Amino acid sequence: MKVLSAASELFPLVKTGGLADVTGALPAALAGEGVEVTNIVPGYPAVMAALEKASPFHAYGDLFGGPARLMRGTARGLDIIAIDAPHLFDRPGNPYLGTDGKDWPDNARRFAALAKAAADVAGGINANYRAGVLHCHDWQAALGPVYSRFMGGPKSVMTVHNIAFQGQFPATVFGILGLPQQAFAIDGVEYYGNVGYLKGGLAAADAITTVSPTYAQEICTPEHGMGLDGLLRARRQALRGIVNGIDTDVWNPAMDGRIPQTYAAGSLTKRAANKRALEKTFRLEPGDGIIHGVVSRLTWQKGMDIFAAGLDALAAAGARLALLGTGETAIENAVLEASVRHPGRIGVITGHDEDIAHLVQAGADTILVPSRFEPCGLTQLCGLRYGCVPVVARTGGLNDTVIDANDAALRAGVATGFQFAPVDGAALEHALARAAECHSDPQLWQGLQRRGMEQDVSWSRSAAAYARLHRSLVKA
Ligand code: ADP
Ligand code: GLC
């Protein structure tokens, strides 16, 4: 069974968030299910540099404004088809933004090229390869199902990682897509008179998935559907939630080469060495009291504005914080200012750093995820695996993956963390107080840690669910 996966990010070659983690980890997990995944990605500089044993797969005289070649090769165990189109992708930095921090003005063209090439490859543009299913992730690849449907290609899956990003462009963009006129319609890309990439993918795909069961329900509501809830309600039968896993080789506290001290559920006392290292890295005063951890994009979605506003209270309660993140300037400034007001208590590192992300999970006592909405969330899964107890908002995948330590759950021995709602300062403060109280009872706390570490956060169950979905489409 061959599946072509199309996405704008692929860990470890190019990553801005969890999308890359998922597209990078699923191929190996699906291989275990007998599904061979080939990954088509834009040929950003980092992708072209990482590609090994590359050979030409197809040449375009013109792909959205210039010549392009598809190159097939491997990188880090992944089977890759890179779209070597310098006029679209040979640019420095972030995959979506120019150095001015704004979207590249030609993103409509760049990601139409990704989707078009994906549909071409899936449909057999090179006689040596044809996909049973085209699997497209997020708006950047969302025209894939549209091209595949209108060009008679294979069945397709559209996976929504975040419905807040939809790829909406003016109607004039339709002219560059090379789609038949009937694709500018309600069952195609037309969206309130404009062109909607994700809208088109959701309308055209044979199956729709999102990354947790709770988020699958939420996006069918006006509150969370961001304008696409009506379409999703109409396609309810085609939609399902499959919760993400994490790569349990990359995230393995017993074997993790990025942390000072490895440990397992049976040797939790060894974590103390990582806590000491965390204190040094974040310039926190030493001590055994609770250290909260954050590894996050600093954005409105993640509730980081509310979190930043609560930092004085966090420090006043006697807790410490190790925060790694990057994002909106106002939020970065707010957390940096709090770290100046509370030296030794609030430690902040801005930027993206995989090593420090691992250190936070291995050394902090909690991982905080106060998101306003969260399709799945991966950092709480890493937290569970590392004995770093999640404190999360009750939404989306956070709701599906963390069991709140209420009295009943504690008595039943099933609690793995703390949930709170709504996402506001008072509820957050209350959740932090509950966590701190529990932390002061070492036996209770270690119970939470161990139970978290026993959870299966790997891809095994969900990869099987995806494989079943892929097979059902080929049979249908
Ligand atoms: P999202 O994709 O919405 O940002 P997820 O929780 O799904 O959220 O995935 C975030 C991923 O990015 C995780 O692997 C997390 O460890 C990582 N991450 C987020 N911020 C940073 C950072 N500043 N440095 C390193 N890794 C980060
Ligand atoms: C998105 C979501 C996040 C999810 C990730 C991977 O970035 O914001 O919740 O975990 O995609 O599916």
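The values are calculated or read from the model by the stated rules, or taken from the named source; none is laboratory data. Because the structure is predicted, anything quoted here is derived from the model rather than measured. Neighbour counts are summed over all protein chains in view; Cβ atoms, including those assigned to glycine, are modelled from backbone coordinates with ideal geometry.
Might you let me know whether the range 118-128 holds any residue that is closer than 25 Å to residue 220 by Cβ and away from ligand 2 (no atom under 16 Å from the Cβ)? No: the range 118-128 contains no residue that is closer than 25 Å to residue 220 by Cβ and away from ligand 2 (no atom under 16 Å from the Cβ). Is it true that residue 288 is charged (D, E, K, R) and in a loop (DSSP other than H, G, I, E, B)? Against the criterion (charged (D, E, K, R) and in a loop (DSSP other than H, G, I, E, B)), residue 288 qualifies.
In the set (1) among the charged types (D, E, K, R); (2) out of contact with any helix residue (DSSP H, G or I) (no Cβ under 6 Å at 6 or more places or on another chain); (3) in a loop (DSSP other than H, G, I, E, B), residue 33 fails one condition alone, (2). For residues in the range 291-310 being more than 19 Å from residue 164 (Cα to Cα) and in contact with a strand residue (DSSP E or B) (Cβ under 6 Å, 6 or more places away or on another chain), which is nearest to ligand 2 (Cβ to nearest atom)? Going through the qualifying residues, I end up with 295. The set of residues in the range 422-476 that are among the hydroxyl-bearing types (Ser, Thr, Tyr) and either touching a helix residue (DSSP H, G or I) at 6+ places or on another chain (Cβ under 9 Å) or surrounded by 13 or more Cβ atoms within 10 Å (Cβ to Cβ) (or both) comprises 458, 460, 462, 466, 472.
For the range 137-187, filtered to residues that are among the polar types (S, T, N, Q) and within 16 Å of ligand 2 (Cβ to nearest atom), the residue that is surrounded by the fewest Cβ atoms within 10 Å (Cβ to Cβ) is 166. Of the strands (runs of 3 or more DSSP E) that lie entirely inside the range 301-403, those containing 1 or more residues that are at pLDDT 95 or above and within 23 Å of residue 448 (Cβ to Cβ) span 320-327, 366-369, 389-393. Can you spot a residue in the range 216-227 that is surrounded by 15 or more Cβ atoms within 10 Å (Cβ to Cβ), at pLDDT 95 or above, of a type in the set (Asp, Glu) and in contact with a helix residue (DSSP H, G or I) (Cβ under 8 Å, 6 or more places away or on another chain)? Yes.
Could you run through the range 91-133 and say how many residues are among the hydroxyl-bearing types (Ser, Thr, Tyr) and over 18 Å from residue 36 (Cα atoms)? Going through the range 91-133 one residue at a time, the tally reaches 2. Among the residues of the range 213-226, those identified as assigned to a loop (DSSP other than H, G, I, E, B) and in contact (Cβ under 8 Å) with a residue 24 or more places away in the chain are 219, 224, 225, 226. Restricting attention to the range 2-36, the residues that are of a type outside the set (Gly, Ala, Ser) and either within 13 Å of ligand 1 (Cβ to nearest atom) or at positive phi (or both) total 10. Scanning the range 80-100 for residues that are assigned to a loop (DSSP other than H, G, I, E, B) and crowded, with 18+ Cβ neighbours inside 10 Å, we see that the one that is modelled with the lowest pLDDT is 95.
Out of 465, 427, 431, 421, one residue alone is out of contact with any strand residue (DSSP E or B) (no Cβ under 6 Å at 6 or more places or on another chain) and farther than 22 Å from residue 28 by Cβ. It is 421. Only residues that are surrounded by 14 or more Cβ atoms within 10 Å (Cβ to Cβ) and either of a type outside the set (A, V, I, L, M, F, W, C) or farther than 25 Å from residue 157 by Cα (or both) were counted across the range 101-136, and they come to 13. Taking the listed residues 30, 19, 4, 10, the one that is within 11 Å of ligand 2 (Cβ to nearest atom) and of a type in the set (A, V, I, L, M, F, W, C) is 19, with no other qualifying. Checked against (1) surrounded by fewer than 16 Cβ atoms within 10 Å (Cβ to Cβ); (2) farther than 23 Å from residue 417 by Cβ; (3) out of contact with any strand residue (DSSP E or B) (no Cβ under 6 Å at 6 or more places or on another chain), residue 285 meets all criteria but (3). Residues in the range 341-349: is at least one buried (at least 19 other Cβ atoms within 10 Å of the Cβ), aliphatic (A, V, I, L, M) and either within 16 Å of ligand 2 (Cβ to nearest atom) or closer than 30 Å to residue 214 by Cα (or both)? No, because not a single residue in the range 341-349 is buried (at least 19 other Cβ atoms within 10 Å of the Cβ), aliphatic (A, V, I, L, M) and either within 16 Å of ligand 2 (Cβ to nearest atom) or closer than 30 Å to residue 214 by Cα (or both). Tell me, please, whether a residue that is part of a strand (DSSP E or B), buried (at least 17 other Cβ atoms within 10 Å of the Cβ) and touching a Cys at 6+ places or on another chain (Cβ under 9 Å) can be found in the range 59-67. There is no residue in the range 59-67 that is part of a strand (DSSP E or B), buried (at least 17 other Cβ atoms within 10 Å of the Cβ) and touching a Cys at 6+ places or on another chain (Cβ under 9 Å).
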